[in-house]
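**Student:** This structure is in structure tokens; I'll ask about it shortly.
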Amino acid sequence: SLDPIEAELGEELPSNVIDNDESNIVNTHPSDAWVTWRMELTNQILWVPEEDATLVSCMVNLHNVGTFNANMRFKAGYLNELERMLEKVLPHAMLKAKPNLESRIRTLKRDLAIVYDMLSGKDNSSFGWDKHR
């Protein structure tokens, strides 16, 4: 409908505008791409140092127990056991084996590999520890 001032001035609606008081948009549906993006976003968690330290501690404990050890790695099912261990220590974190723990362990491995390579001399661009400083 027209604004009262527009009605006084005699201005009319453009021809492509429907002149009724009903809502023109009945339903909207998100695109598949948006839904996928939103689901991926909900799976991302901002880890705090306490959670990282607890995760590493639980992994060390799991290794020391030996139940899930296999050739310098963990056996299948270790993520579920880590989830149970973390639930006891960090009950409100709500961390799930997949995708939370799996993703964070992958990130920690990547970061460790970078630091290891820097300190071991492999492709370190002369980076090293200066014991005189």
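The values are calculated or read from the model by the stated rules, or taken from the named source; none is laboratory data. Predicted model only: the values in this text are computed from it and were never measured. Ideal geometry is used to build each Cβ from the backbone, glycine not excepted, and the neighbour counts take in all protein chains shown. For the accessible areas, the whole protein counts, side chains as well, though only heavy atoms, and no ligand, DNA or RNA atoms are used. Shrake-Rupley method; radii C 1.70, N 1.55, O 1.52, S 1.80 Å.
**Student:** Where Lys and Arg each count +1 and Asp and Glu each count -1, what net charge lies around L101 among other residues with Cβ under 13 Å from its Cβ?
**Tutor:** Values: positive: R84, K96, K98, R104, R106, K109; negative: E51, D52, E81, E83, E87, E102.
Result for the local shell: 0.
**Student:** Still on this structure, please answer the following. Using a Förster distance of 41 angstrom, determine the FRET efficiency expected from the C-beta separation of K131 and K75, and round it to 0.05. Working shown, then result.
**Tutor:** Working: r = 41 Å, r/R0 = 1.00.
Rounded to the nearest 0.05, the efficiency is 0.50.
**Student:** Another question, if that's okay. Taking only protein heavy atoms into account and a 1.4 Å probe, give the accessible area per residue of region 47-117 in Å².
**Tutor:** Computed with neighbouring chains in place, this is 69 Å² per residue.
**Student:** Within the accessible area of region 47-117, what % is carbon and sulfur when the probe is 1.4 Å and the other protein chains stay in place?
**Tutor:** So the carbon and sulfur contribution to the accessible surface is 59 percent.
**Student:** While we're looking at this one, here's another question. Once both labels are modelled 7 Å past Cα along the beta-carbon direction, what's the D111-T67 spacing in nm?
**Tutor:** About 2.8 nm, to one decimal.
**Student:** Over region 47-117, what lengths in whole Å, largest first, do the semi-axes of the equivalent ellipsoid take, defined as the square roots of 5 times the eigenvalues of the alpha-carbon gyration tensor?
**Tutor:** Numbers: eigenvalues 64, 56, 24 Å².
Semi-axes from the Cα gyration tensor: 18, 17, 11 Å.
**Student:** Another question about this same structure. Can you pull the accessible area of D117 for me, 1.4 Å probe, Å² to the nearest 10?
**Tutor:** The value for D117 is about 50 Å².
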